[in-house]
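In what follows, a single structure is set out as structure tokens and then discussed.
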Amino acid sequence: MNSTIKLRRRRKILKAIEPYLFCLPLIFCLFGLFAYPMIRAVIISFQRYKLTELKKVRFIGFDNYINSLRDKNLGMITWNSIKYVVIVVGLQFVLGFGLALALRRPFRFRNVYQAVAFIPYALSGFVCGLMFRWSFNGEYGVVNDLLMKLHITSSKIAFLGTPGLSIIPVYVAAIWLGYQFFAIMLLAALQSIPQEVYESAELDGCGWWRRLFSIIIPYIRPTLLTILMLRVVWTFNSYELIYVITEGGPASSSETLTSYLFTRAYSNLDFGAASALGLMFAVVLLICAGIYMKLTKYNQAGDF
Amino acid sequence: MKKLVSLVLAVALIMTAMAMVSVAGASGEKITLTFLDISPREARATYYNDVFARYTAEKNPNVTIEYEEVPWDDAHTKVVTMAATNDLPDLLNCSPGWITEFKDSDWIASLDDYVADSGITDTFVGSMKTIFDKQVEDYGHIYIIPDGLTTSCIYVRADWIKETLGIEYTELIDEGWTWERYLQLCHELTDPEKGRYGISFRGGMGSVDRITEYMMAMRSEPGVMWANTDNMDELDYLYNTEEDVTLLNEYLSLYWDGCAPTDAVNWAFVEMVDNFCGGLTGTLFNDMEVVASILASDLTEDQWGVLPVPSAMDGRIFMGVNGNTYSYAISNQTEYKDEAWDVLSYLYEGTNNADYCKIMTLFPLSLSATEDPFFGEDGPMAGFLYEINSPDLWKAESTYGPSPEVTQIDLYDGTAELQKVLLKQESVEDFLAWYDDHITEATKTYFEENPEQLERVDQIFGKVEPYATSRDAVSIK
Amino acid sequence: MAQRALQQSSSYRPHYRRRFRWKWGEFGRVCVLIFYVLVVIAPIYWMFITSVKSYGEIVNVKEVTYWPQTFTTANYEELFNAIDFGIYLKNSLLYAFVTALTVVVITMMSGYGMSRYQFRGKGFMLGMWLVAQMIPGILGTIPMYVIYSKLGLINTRTGLFFMFITGQIPFCTITMRAFFDRIPVSLEEAAFVDGCNRVQAIFRIILPVLLPGMAAVFVFAFTAVWNDLMTCVIYTSKKKLWTINVILKSMIGRVSVNWGTLMAGGIIALLPTIVVFAFVQRYVVSGLTAGAVKE
């Protein structure tokens, strides 16, 4: 009698911890590895914390935050970041979704075609960045040469030396390098749409656009919403291409918040100020994510 | 949930403990030092591995040195990360631009005692004494030993000069090779019809150094940058007068008048060198490391030549570089400083320094190496000898320093502001005023926060120094 | 409107309608497919062309050459003879494969847990993961170095595996979870009725229909490691542990870039991934429905 109760209790406990056992690796990563840097960043952001003056670390309240907000470049750089994220993620999404749709139905040599179409995904950022920097050179870059030969422009354009234009090679590189991510994720999601759904829609005489908007998109909406949000966050937090192609120049015109943060952290070694700046973006991003989730009724539709 | 977290922590703790045990096991009689190279190349790796192996075999069998590397482009980020976590290698290579922040952070050890006790100075060429003295003045202590001596110069297209001016490029020296002449030459060589630009203009990172050098040479009182250094409240950065506005306007006209491509506003070293090698630009101001790139390019021997840095109006030559590109330093975080010093001094024994300098095309620092004909007047580096031995060569004030903030303004913010001027978004007057404000304020703040440095104020703002005081300083036969 | 009218009128002649639409739809699709190939190939072609030029021709400003004037394999020879590119290629492949396989196995567990159970702390974990994404990674470098160095992971191969795997687990778990979410619970319940336990249910029933998800996670983890630069740069200083990216990065010097060799390395680095993609992507598109029908 007693033993069955014990056994039952044991089973109950086992049942209770079962999900945690499944999620153990994730729990380890989040609490064992990610938590410390996050907490640390929050603490440092309220400190005068310069690597060059580690003996003089002290709490200074909100000074780092206030000073960051006073920066005269902040407005322009924030606007640059928004443009960067909207343009890059937007075009990555359109291109990626288009490719996924084109690949949805099987055709001969589809595997080979996919392997070729996804090549950029296997290229690291700095190699790609260097190549585009080289190609967009104002004097002998291949892009200028092609534009002239095709009679699109009559004189050479100094892409990298003109404010407003210097970010274009970064856009191109970022889009070229990233749309495959959308394509892969969306293609995998598209496969989950049962064939019957397509067929019945086709029988109903739905046109291509209607099928896209009333069947395909609603069906993969959870994936769509999730990766769109993730991609926005990741693009926002990437600085490698800017660093490689323009170094934020000329005259800071191509700087984004994250590339700016990198320069502050590693050139000034003022991690207090950098953390404050970084956490402010994070909070703004979180608020945006909250609004996004609310607007898209994410809780019911999203992947989490 | 709580239990789970504690479980995770326990696992982490056990792993930590295991890791610590394994570290303890490694220490014993024999020790392993690490050396971090910040500009890895196959030839360098071979050299260091060989030298370190010989050190263990010949000098001290108990010490083995591990050669570690990091790509140049990420070197600063990595070294800073290692330093901040107390994990610096025992011995490392530093770039001169890092020293201010590294010594302020106490990351690299003072070498004063080692240099004094070992008498190593006697085995070095005369210039080394100047470099040591300069470090004591700038930083209060000796922190680094340069790997070799380098010098800046102006690479020119000999064939373009012959074609446009009808003279050999060397004749320019006899005519009086001043900054004024150099600027004129850049204009003369520019020919948009032929796709020729006069200068590999530096508009990107570090451009402020270049204009500072130019103004230092061209002002009516060359070489002086600061006034009232004896009274911090009235400390005054000088380069903000009408004369400076005119000078800077003249210099930047190189860009505005089209002596450089529009892109050049964002050019750093790589673009400057590539465009000279590719035949787009006629002159290039850079250091000796560039020779290797030129030799690899399509330029033939009679197409290019080397001219010294142009002189100031009073005949002196000012150079802003620290005289070396990489320098050895010993970490303050190591417990084996003595051993590290021993390894470091071994790099200058025998032909070790000469071997290294041949790979890197530098002038050697150890006296014995200067006998090598490779570095003589018939050797491949003869072109630079003239300049490095010139009695007119003066060391310009270090633009890095005294504080990391000043370096920051100089390298990053200054570059962006100067680019605004180049793009005509801002006036020259505004730039000079901005630079004056920021550099003065950063310097004052530094002294406020580090009052102990005030004692050395005279040294920090010391007057410009002769670089190599006589021909014998680098006694290369 | 016009389209609808066309459809209505043509419904009387179903055969023509079908052929007509098929042709135009197919033509459009072929155009789209060609467009994507061109977009991909053009820069790759440029990389390749650069890799077979000499330094002189690469930086030559007089004319842009679309085929090298003198075809040279010197850059490739340098890559394999002087630089020993094979070592780094092998390292990259090893890290990428081991990480991708491990991550697929681990995240199948954790993704299943996150998808099928409701438990306390789940929302918090997801929230925390999201917050972690939003804090710039630069700020985490130094604290992470402290953790890794305390764990004795710096400069070791094991350490790199650990960093790569743990770095990929959170995102891949979320991805895997999404794929689990799309598999109807009824599928497993049917298996339970047959007397399977959860593990058996996973292997027999869910695995076949999960293939696209596994393939996606594999590709994601593989390329993340393949393209990684900073993990290897910051946490290792031993050349024998380096990946191709680190060795390629080291070709950027203070005053010059070894363009030809760098591009040659970039081209070589593409080849293994093309093979991996060609193989794995079959499964990405292998389709949930195909699996479900078989059962």
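The values are calculated or read from the model by the stated rules, or taken from the named source; none is laboratory data. Treat the numbers as computed from the prediction; the structure is a model and nothing was measured. So basically every Cβ, Gly included, is an ideal-geometry build from the backbone, and we count neighbours across all protein chains shown.
Taking helices (runs of 4 or more DSSP H) as the structural unit, those lying wholly within the stretch A:108-156 and holding at least 1 residues that are within 7 Å of chain C (Cβ to nearest Cβ) and under 26 Å from residue B:275 (Cα atoms) correspond to A:125-135, A:142-149.
Of the residues making up the stretch B:223-234, at least one is within 21 Å of residue B:182 (Cα to Cα), in contact (Cβ under 8 Å) with a residue 40 or more places away in the chain and not acidic (Asp, Glu). Checked against the criterion of being facing chain C (nearest Cβ under 8 Å), in a helix (DSSP H, G or I) and in contact with a Gly (Cβ under 9 Å, 6 or more places away or on another chain), the candidates A:28, A:34 yield just one match: A:34.
Can you tell me which residue among C:217, C:246, C:209, C:225 is β-branched (Val, Ile, Thr), crowded, with 24+ Cβ neighbours inside 10 Å, within 8 Å of another protein chain (Cβ to nearest Cβ) and part of a helix (DSSP H, G or I)?
On the way: C:217 fails: within 8 Å of another protein chain (Cβ to nearest Cβ); C:209 fails: within 8 Å of another protein chain (Cβ to nearest Cβ); C:225 fails: within 8 Å of another protein chain (Cβ to nearest Cβ).
It is C:246.
Please tell me if residue B:52 is of a type in the set (A, V, I, L, M, F, W, C), in a strand (DSSP E or B) and on the phi < 0 side of the Ramachandran plot. In short, no. Within the stretch A:157-171, which residues are buried (at least 24 other Cβ atoms within 10 Å of the Cβ) and at the interface with chain B (Cβ under 10 Å from one of its Cβ atoms)? Result: A:159, A:160, A:161, A:166. Can you name every one of the helices (runs of 4 or more DSSP H) wholly within the stretch B:96-177 that holds 2 or more residues which are at pLDDT 85 or above, touching a Phe, Trp or Tyr at 6+ places or on another chain (Cβ under 6 Å) and not assigned by TED's automatic domain parsing to the domain that holds residue B:387? Qualifying helices (runs of 4 or more DSSP H): B:158-165.
For the stretch C:138-199, give me every one of the helices (runs of 4 or more DSSP H) that falls completely inside it and has 3 or more residues that are in contact with a Cys (Cβ under 8 Å, 6 or more places away or on another chain) and under 20 Å from residue C:103 (Cβ atoms).
Details: elements: C:141-150, C:157-182, C:185-193.
Result: C:157-182.
Collect the residues in the stretch B:192-219 that are in a loop (DSSP other than H, G, I, E, B) and not polar (S, T, N, Q), keeping them in residue-number order. Scanning the stretch B:192-219 gives B:195, B:198, B:199, B:201, B:202, B:203, B:204, B:205, B:206, B:219.
Table: residues versus (1) of a type in the set (Gly, Ala, Ser); (2) in the same structural domain as residue A:233 (by TED's automatic domain parsing); (3) in a helix (DSSP H, G or I); (4) farther than 19 Å from residue A:265 by Cα.
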{"site": "A:55", "(1), (2), (3), (4)": "no, no, yes, no"}
{"site": "A:69", "(1), (2), (3), (4)": "no, yes, yes, no"}
{"site": "A:78", "(1), (2), (3), (4)": "no, yes, yes, no"}
{"site": "A:83", "(1), (2), (3), (4)": "no, yes, yes, yes"}
{"site": "A:92", "(1), (2), (3), (4)": "no, yes, yes, yes"}
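Hey, does the stretch C:123-139 have a residue that's of a type in the set (Val, Ile, Thr), more than 14 Å from chain B (Cβ to nearest Cβ), buried (at least 16 other Cβ atoms within 10 Å of the Cβ) and closer than 28 Å to residue A:17 by Cβ?
Here is the first cut: in the stretch C:123-139, the residues of a type in the set (Val, Ile, Thr) are C:131, C:135, C:138.
Adding the requirement that they be more than 14 Å from chain B (Cβ to nearest Cβ) leaves C:131, C:135.
Remaining after also requiring buried (at least 16 other Cβ atoms within 10 Å of the Cβ): C:131, C:135.
After this cut, where a residue has to be closer than 28 Å to residue A:17 by Cβ as well, the list is C:131.
Yes, the conditions are met somewhere in the stretch C:123-139.
Yes or no, residue by residue, for (1) within 25 Å of residue A:94 (Cα to Cα); (2) touching a residue at least 40 places away in the same chain (Cβ under 8 Å); (3) polar (S, T, N, Q):
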residue: A:128; (1), (2), (3): yes, yes, no
residue: A:142; (1), (2), (3): no, no, no
residue: A:160; (1), (2), (3): no, yes, no
residue: A:167; (1), (2), (3): yes, yes, no
residue: A:171; (1), (2), (3): yes, yes, no
residue: A:193; (1), (2), (3): yes, no, no
residue: A:201; (1), (2), (3): yes, no, no
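Listed by first and then second residue, the pairs linking a residue in the stretch B:75-88 that is in a helix (DSSP H, G or I) to a residue that is modelled with pLDDT under 95 and of a type in the set (S, T, N, Q), with Cβ atoms under 6 Å apart and 6 or more places separating them unless they lie on different chains, are B:81/C:141. Against the conditions (1) more than 17 Å from residue A:165 (Cα to Cα); (2) crowded, with 20+ Cβ neighbours inside 10 Å; (3) without any contact (Cβ under 8 Å) to a residue 40 or more places away in the chain, residue A:135 satisfies every one except (1). Mind listing whichever residues of the stretch A:99-109 are buried (at least 18 other Cβ atoms within 10 Å of the Cβ) and either without any contact (Cβ under 8 Å) to a residue 60 or more places away in the chain or in contact with a Ser or Thr (Cβ under 7 Å, 6 or more places away or on another chain) (or both)? Correct list: A:102 only. When residue B:333 is tested against (1) of a type in the set (S, T, N, Q); (2) surrounded by fewer than 23 Cβ atoms within 10 Å (Cβ to Cβ); (3) free of Cβ contacts under 8 Å to residues at least 24 places away in the same chain; (4) out of contact with any Lys or Arg (no Cβ under 9 Å at 6 or more places or on another chain), only condition (3) is not met.
A single entry from A:196, A:255, A:202 fulfils the requirement of being among the acidic types (Asp, Glu) and closer than 30 Å to residue B:79 by Cα: A:255. Checking each residue in the stretch C:50-83 for being under 13 Å from residue C:267 (Cβ atoms) and crowded, with 19+ Cβ neighbours inside 10 Å picks out C:50, C:51, C:52, C:53, C:75, C:79. Taking residues in the stretch B:268-282 that are under 12 Å from residue B:294 (Cα atoms), and partners anywhere that are in a helix (DSSP H, G or I), the pairs with Cβ atoms closer than 6 Å and at least 6 places apart or on different chains are B:273/B:290; B:273/B:293; B:274/C:59; B:277/B:293; B:277/B:294; B:277/C:59; B:278/C:59.
Within the stretch C:48-67, can you find the residues that are within 12 Å of chain B (Cβ to nearest Cβ), more than 21 Å from residue A:148 (Cα to Cα) and among the polar types (S, T, N, Q)? Passing the criteria: only C:54. Entry remark, the stretch A:78-89: residues being of a type outside the set (A, V, I, L, M, F, W, C) and either within 11 Å of the chain's Cα centre (by Cα) or buried (at least 21 other Cβ atoms within 10 Å of the Cβ) (or both) number 2 in total.
Here the stretch A:9-29 is the region considered, the condition is being modelled with pLDDT of 90 or more and over 16 Å from residue C:116 (Cα atoms), and the residue that is surrounded by the fewest Cβ atoms within 10 Å (Cβ to Cβ) is A:28.
Based on what the data block shows, is residue A:114 more than 28 Å from residue A:46 (Cβ to Cβ) and modelled with pLDDT under 90? I'd like the intermediate steps shown before the answer.
On the way: more than 28 Å from residue A:46 (Cβ to Cβ): yes; modelled with pLDDT under 90: yes.
The answer is yes for residue A:114.
Among the residues of the stretch A:1-55, the ones that are within 30 Å of residue C:106 (Cα to Cα), aliphatic (A, V, I, L, M) and without any contact (Cβ under 8 Å) to a residue 24 or more places away in the chain come to 14 in all. If residue C:112 satisfies every condition in (1) within 25 Å of the chain's Cα centre (by Cα); (2) of a type in the set (Ser, Thr, Tyr); (3) more than 7 Å from chain A (Cβ to nearest Cβ) but one, which is the exception? So the condition that residue C:112 fails would be (3).
Rundown of residues vs (1) surrounded by 15 or more Cβ atoms within 10 Å (Cβ to Cβ); (2) farther than 24 Å from residue C:233 by Cα; (3) polar (S, T, N, Q), yes/no style:
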residue	(1), (2), (3)
B:44	yes, no, no
B:52	yes, no, no
B:70	yes, no, no
B:76	yes, no, no
B:101	yes, no, no
B:121	no, yes, yes
B:126	yes, yes, no
B:131	yes, yes, no
